[in-house]
Amino acid sequence: MFKKLLLATVAAGLVTATALPLPAQAEMMGGMTCKEAAKMKYPDDRKMRHEYKKACKEAWKATQ
């Protein structure tokens, strides 16, 4: 009986977790700009920073 209850609770938790909307990338960054996020992720590589910033801006525009 306890095993069935435990499995039902886990299944309900999984269904609930998959039904929740995922936060947008801008919300995940916590108000940080794409430039700041790129600088934090790639402090020494200018080319990678540029590419990351470009991809971040495109993702942000896609959500608008």
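Annotations for the structure displayed:
- For residue 56, the accessible surface of its heavy atoms amounts to roughly 10 Å² (probe 1.4 Å, protein chains only, rounded to the nearest 10).
- The stretch between residue 63 and residue 44 holds 3.9 nm of extra length on full extension. This uses 0.36 nm per residue minus the Cα-Cα distance.
The values are calculated or read from the model by the stated rules, or taken from the named source; none is laboratory data. Quantities reported herein were computed from a predicted structural model and do not represent experimental measurements. Surface areas here come from the heavy atoms of the whole protein model, side chains and all, with no ligands, DNA or RNA. Shrake-Rupley method; radii C 1.70, N 1.55, O 1.52, S 1.80 Å.
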